[in-house]
Amino acid sequence: MSILIYTENWDGKFKKVSFELASYAAALAEQTGKQAIAVSLGEVENSELEKLGQYGIGKIVTAQDKRFATLDNKAITKAIAAAAKQVQAEVIILSHDNLGKAIAPRLAIRCNAGLVTAVTGLPESLNPFIVHKNVFTGKAIAHIKIEKEVKVLTLAYNSFGLNEKHSSVEITSFDPDLTDSDFSMEVLDTTKVTGKVLLNEADIVVSGGRGMKSADNWYLIEELAEELGAATACSRPVSDEGWRPHDEHVGQTGKIISPNLYFAFGISGAIQHLGGVSSSKVIVAVNKDPEAPIFEAADYGITGDALKVLPELIQAVKDTKNQ
Amino acid sequence: MKILVLIGNVPDTTTKIKFNADQTGIDTAGVQWIINPWDEFALTRAMELKEAYAGAISSVVVANVGSSQTEPTLRKALAVGADKAIRIDAEAKDAFFVATQLAQIAGEYELILAGIEASDYNGSAVGGMLAELLDRSSVSAVTGLDLKDDKLLVTREIDGGNQHLLCTTPLLAIVQKGIAKEVRIPAMRGIMMARTKPLEVIAPVESSYATSIQKLELPPTKAACKMVAEDNVKELVRLLKEEAKVL
Ligand SMILES: Cc1cc2nc3c(=O)[nH]c(=O)nc-3n(C[C@H](O)[C@H](O)[C@H](O)COP(=O)(O)OP(=O)(O)OC[C@H]3O[C@@H](n4cnc5c(N)ncnc54)[C@H](O)[C@@H]3O)c2cc1C
């Protein structure tokens with residue numbers, strides 16, 4: 001019996017989410033007395049695979065098959081299920097990112113498992129197996145019991161953090177037994193966002209709403225983000241207006257994020273917006289309306305004009321860096 | 001080609017959540033129900049495609065697993081333009097239960113559209129489960145969908161980028177915002193027509209559930225927001241560094 005994580009790679013490299021998953025699996029393995037194992041699909045060098053050992057993974061099963069690069073949901077599901085069978089996985093955990101969300105439900109069916117997505121921590125109890133997640137877009141927390149022998153979970157971003165725990169890793173390859181017909185999609189082209197901090201993974205997010213007045217003022221948001229090594233985000237009307245791309249939209253119908261620090265400039269704090277950001281560890285709001293609901297969700301606030309506060313904040317951050 | 005759009009019936013997004021007596025569900029008294037926002041995007045795109053390719057797309061059907069209380073939501077989907085609605089008459093216990101119910105009717109549709117999430121239990125599960133039950137390909141986080149000859153041209157968001165794909169049918173596409181620009185609001189004419197469109201009620205198949213809610217609770221309340229004067233931005237930076245320790 002084991003705890004299995006699926007660690008996605010992008011061009012052969014793992015991202016922070018994989019190490020967070022590893023940390024989570026190692027903690028769960030300790031709690032249950034089982035081994036924490038990772039499955040890796042696609043071409044990843046051993047030196048990269050071994051990094052998972054720094055977060056408590058003792059064993060890695062890998063299928064070095066280039067075809068996984070097309071991210072075919074069906075093929076990836078089959079492969080993880082094959083690995084799960086081989087290592088007798090009792091709990092299988094994926095990240096709650098685009099790929100994890102796409103694969104986990106398929107995998108649950110294939111492994112006859114119970115699924116809970118976007119869990120926010122280790123199980124409250126193992127027998128019965130009960131985990132917590134946010135529901136009603138952050139308005140409530142549910143304690144959910146999985147009724148099946150095998151469990152599939154996805155882990156909400158930044159909900160567990162990284163825990164270094166060195167372990168020596170044994171790397172073995174396995175054959176997921178896939179044929180070309182398992183890969184049915186043809187990728188025409190891929191555009192990767194480069195040189196930008198990814199919204200889901202960012203520790204700090206700088207976000208703007210309609211109170212920023214126009215797309216022309218976004219250079220301020222970008223400059224602050226640049227100074228802080230942060231990602232940029234926006235409220236829904238801002239992306240609807242085309243001031244910013246859709247993939248920056250956070251909230252109920254956009255991305256759900258939980259950075260350590262979230263800045264909201266000129267965002268009213270509508271319930272649908274808060275649904276996507278309320279699990280941020282610290283929220284800072286700048287709004288000229290002292291009654292704006294965002295202040296109820298914020299930890300720190302300034303009543304004032306975002307367009308005036310931003311340049312000063314950029315300067316203040318620069319100053320502290322130079323100290 | 002026939003398109004099936006899965007429709008979730010969820011509380012209006014501004015609903016203040018109250019729990020039922022044993023805290024395992026919500027108190028539905030006074031709740032306004034809506035089409036799950038992502039399903040509304042999916043339905044809008046399905047209607048756009050049907051209008052653009054009238055010859056290639058013969059019908060758009062919507063389906064829901066729920067009690068008769070969900071019918072107003074299905075009528076709304078018909079008013080938006082769907083040709084037919086199917087309701088599988090059972091309480092939606094969990095995603096597994098819902099997906100197994102839908103599997104009995106979904107196989108005949110070359111294209112199935114599901115929303116990436118439901119705004120009640122935020123499961124992101126039904127679409128993927130259904131695809132696996134039907135043993136068909138699925139694409140997720142879809143932000144663009146079009147026909148190209150006898151194939152589908154799909155744009156999806158991957159983690160850290162975007163991808164264009166050419167997919168064959170049968171396909172299940174799990175969609176998110178971006179797929180359709182403005183969601184469609186039913187017009188008077190649509191509402192009138194919806195009254196006479198077919199709403200078929202089907203008995204559920206024998207199934208079980210894989211998860212159950214033990215308890216719901218409210219998130220912890222936040223401490224009051226600490227206000228900093230507009231002309232004292234330095235102080236904010238100091239607090240974030242020294243007190244909150246996030247800079
Ligand atoms: C089904 C549904 C789903 C939705 N999903 C989402 C979602 O996912 N994400 C989302 O964000 N919204 C969502 N919305 C929309 C949401 O209800 C709000 O309309 C939206 O969040 C408001 O965006 P905003 O705060 O940028 O704009 P506004 O509500 O217009 O607020 C602008 C704010 O800026 C302040 N302001 C103006 N000028 C300045 C200035 N110079 N300096 C400082 N402050 C200033 C104003 O006081 C105001 O508080 C959804 C709505 C529905 C119905």
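The values are calculated or read from the model by the stated rules, or taken from the named source; none is laboratory data. Keep in mind that what you see is a predicted model, and the values were worked out from it rather than measured. Neighbour counts run over all protein chains shown; Cβ positions are idealised from the backbone, glycine included. Surface accessibility is based on the protein's heavy atoms, side chains included, excluding ligands, DNA and RNA. Shrake-Rupley method; radii C 1.70, N 1.55, O 1.52, S 1.80 Å.
Things to note:
- Flag for A:Val131 being free of Cβ contacts under 8 Å to residues at least 60 places away in the same chain, more than 9 Å from chain B (Cβ to nearest Cβ), open to solvent by less than 40 Å² (accessible area, probe 1.4 Å) and touching a His at 6+ places or on another chain (Cβ under 8 Å): yes
- The residues of segment B:160-184 that are farther than 25 Å from A:Ser181 by Cα and not hydrophobic (A, V, I, L, M, F, W, C), listed by number, are B:Gly160, B:Gly161, B:Gln176, B:Lys177, B:Gly178, B:Lys181, B:Glu182, B:Arg184.
- Candidates A:Val205, A:Val187: the one that is within 13 Å of another protein chain (Cβ to nearest Cβ), in contact (Cβ under 8 Å) with a residue 12 or more places away in the chain and either open to solvent by 60 Å² or more (accessible area, probe 1.4 Å) or within 16 Å of the ligand (Cβ to nearest atom) (or both) is A:Val205.
- Residues in segment A:298-308 that are at the interface with chain B (Cβ under 7 Å from one of its Cβ atoms) and buried (at least 22 other Cβ atoms within 10 Å of the Cβ): A:Ala298, A:Asp299, A:Tyr300, A:Gly301, A:Ile302.
- Of the residues screened, A:Asp319 is not one that is facing chain B (nearest Cβ under 7 Å), more than 13 Å from the ligand (Cβ to nearest atom) and open to solvent by 10 Å² or more (accessible area, probe 1.4 Å).
- Test: residue in segment A:210-226 that is part of a helix (DSSP H, G or I), surrounded by 18 or more Cβ atoms within 10 Å (Cβ to Cβ) and within 20 Å of the chain's Cα centre (by Cα): yes
- Considered as a group, the residues in segment A:249-297 that are part of a loop (DSSP other than H, G, I, E, B) and of a type in the set (Ser, Thr, Tyr) include one that is nearest to the other protein chains (Cβ to nearest Cβ), and that residue is A:Thr253.
- So A:Arg244, is it buried (at least 20 other Cβ atoms within 10 Å of the Cβ) and touching a Cys at 6+ places or on another chain (Cβ under 6 Å): yes
- Take the conditions (1) assigned to a helix (DSSP H, G or I); (2) under 18 Å from the mean Cα position of the chain (by Cα); B:Thr13 misses just one of them, which is (1).
- For segment A:227-264, the candidate set comprises residues that are under 15 Å from the mean Cα position of the chain (by Cα) and among the charged types (D, E, K, R); within that set, the residue that is nearest to the ligand (Cβ to nearest atom) is A:Lys255.
- Every pair of residues 6+ apart whose Cβ atoms lie under 8 Å, when the first sits in segment A:301-319 and is assigned by TED's automatic domain parsing to the domain that holds A:Tyr262 and over 18 Å from A:Ser268 (Cβ atoms) while the second is outside any helix (DSSP H, G or I) and away from the ligand (no atom under 13 Å from the Cβ): A:Val317/B:Leu247
Per-residue answers, yes or no, for (1) within 14 Å of chain A (Cβ to nearest Cβ); (2) crowded, with 16+ Cβ neighbours inside 10 Å; (3) within 16 Å of the ligand (Cβ to nearest atom); (4) among the basic types (Lys, Arg):
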{"position": "B:Ile3", "(1), (2), (3), (4)": "no, yes, no, no"}
{"position": "B:Gly8", "(1), (2), (3), (4)": "yes, yes, yes, no"}
{"position": "B:Thr13", "(1), (2), (3), (4)": "yes, yes, yes, no"}
{"position": "B:Lys18", "(1), (2), (3), (4)": "yes, no, no, yes"}
{"position": "B:Ala21", "(1), (2), (3), (4)": "no, no, no, no"}
{"position": "B:Asp27", "(1), (2), (3), (4)": "yes, no, no, no"}
{"position": "B:Gly30", "(1), (2), (3), (4)": "no, no, no, no"}
{"position": "B:Glu40", "(1), (2), (3), (4)": "yes, yes, yes, no"}
{"position": "B:Gly55", "(1), (2), (3), (4)": "no, no, no, no"}
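- You will find that of A:Gly275, A:Gly269, the residue that is more than 22 Å from the chain's Cα centre (by Cα) and within 11 Å of the ligand (Cβ to nearest atom) is A:Gly269 and no other.
Conditions (1) at pLDDT below 95; (2) in a helix (DSSP H, G or I); (3) of a type in the set (Val, Ile, Thr), marked per residue:
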position	(1), (2), (3)
A:Val17	yes, yes, yes
A:Ala25	no, yes, no
A:Ile37	no, no, yes
A:Val44	no, no, yes
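- Some residue of segment B:175-183 being open to solvent by less than 70 Å² (accessible area, probe 1.4 Å), away from the ligand (no atom under 16 Å from the Cβ) and of a type in the set (A, V, I, L, M): no
- Failed criterion for B:Glu91 (all others in (1) within 16 Å of B:Ala106 (Cβ to Cβ); (2) in contact with a Phe, Trp or Tyr (Cβ under 9 Å, 6 or more places away or on another chain) hold): (1)
- The strands (runs of 3 or more DSSP E) found wholly in segment B:111-194 and carrying at least 3 residues that are more than 10 Å from chain A (Cβ to nearest Cβ) and in contact (Cβ under 8 Å) with a residue 60 or more places away in the chain occupy B:111-115, B:137-148.
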